[in-house]
1. Please grab the % of Cα pairs in segment A:178-313 that end up more than 27 Å from each other.
2. How high is the relative contact order of segment A:164-268? Use alpha-carbon pairs under 8 Å, at least six apart in sequence, and give a whole percent.
3. Could you please state, rounded to a whole Å, how far the C-alpha centre of segment A:1-70 is from the C-alpha centre of segment B:1-52?
4. Label-point separation (nm) for residue A:42 and residue B:66, each offset 7 Å from Cα along Cα-to-Cβ?
5. Just subtract the alpha-carbon distance of residue A:297 and residue A:27 from 0.36 nm times their residue separation and send over the number in nm, one decimal.
6. Rounded to the nearest 0.05, what FRET efficiency do residue A:245 and residue A:193 have when you use their Cβ-Cβ distance and R0 = 25 Å?
7. How many angstrom separate the Cα center of segment A:158-175 from the Cα center of segment B:129-162?
């Protein structure tokens, strides 16, 4: 066997990635080869240095931020789904698995015809030119930021870059309009200014009838917003919704993970109020409350949790 | 009651975002750890993390559960890492003001507290070595870096990495070997000093 192969095995043996036969062959070789023994000693030390410096304890905050941003992106993705998407999904589930290849072939054929038409039809080329000339980005009130050059070729004059175009939009409408709600829900999840997030919640909360998407956004805010004031307002807005499993889990999440005692108290009060409305507290809730009455660092929360649990027992 | 992956996937396939999020939270620490180790900057890690789960979200409807969810997820993670590295490289060479962007927070072990190192001198030395190790890691090709990161830092077996990356195990062994050789060259001054 070549020496190079043994060198690879030496390294793999440090990761415990050799088969038993390979290990025996390597051990035999090490007994008779001083060069490989020296190499092995060195590799052990080198491996130890790399291992010693491998622990990066990532700040938990980074993961929290990433989760928060993902939630916003997921809501955006969801809100982009058109009216026809659910119907198309249903059709795909029923029909497409069997005829996927046929549909794919037809789609490719149609795409080819459309592309050919667009590329070689003179009138469509003129239309494309017009679109470029009437580019909506180049308007006086559009703010262009974050220009990044990707490719620049001085010889040919060709240039490629990206940028962000921000256009101010003024919108008037009713809080019950779907488009208004979508924008406010988006603002609630992604706006950097906590004041705007608060205003969005207040506006959403004044809506006449409850909405599933808004409820999800409020839950997201309760769980992940960095500002306790925003979290509290979102929790308050959630109280307008009838208690269900999702809200129950959100309240339990607040009770177990929230650092702000005011919010934990608000969650207990919310759970207590559902009891008044005739809904019994289930075992999950009681378990968390029992845990709170014994170990919460806030005296009032311990007493409050105890009062709710004891009331149920009676 | 805790739902299984299989149930959560089924709910997510019918548009239940909160089920999808539960699924995310089961695996996202590992994905984030890979992303953070692979990316050089905190923003890279967050970008990779988001891109991975958005791809999963978009693809979950057609995920037929023939393979484990985790296998599929890590396959996507490795793809996103490799693509991200290529895009990042392109961007780095052409951007006008990348170097002086104050928002770019470097993920560097040297920047984090090490409670077991008692004296400031030890801390400085450890920081210095960590800095050089990070620099050596950045000199690897995307595939080498990914294999090295997954094996050395994340502790995945080579067989698992081969499944994640869709390569033969022998190829992964070669990547690991060449990565270590390259690291060795890059860190020569450190261990010979």
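Each reported figure results from applying straightforward, stated rules to the coordinates on display, with no laboratory input. Everything numeric here is computed off the predicted structure, so don't read it as measured data. Backbone-built Cβ (ideal geometry, glycine too); neighbour counts: all protein chains shown.
1. Values: 1904 of 9180 pairs.
So the pairs more than 27 Å apart make up 21 percent of the total in segment A:178-313.
2. About 20 percent, as a whole number.
3. 29 Å
4. For the pair residue A:42/residue B:66, the computed spacing is 4.7 nm.
5. Net length gain for the segment: 91.4 nm.
6. 0.15
7. The two parts, judged by their Cα centres, are 40 Å apart.
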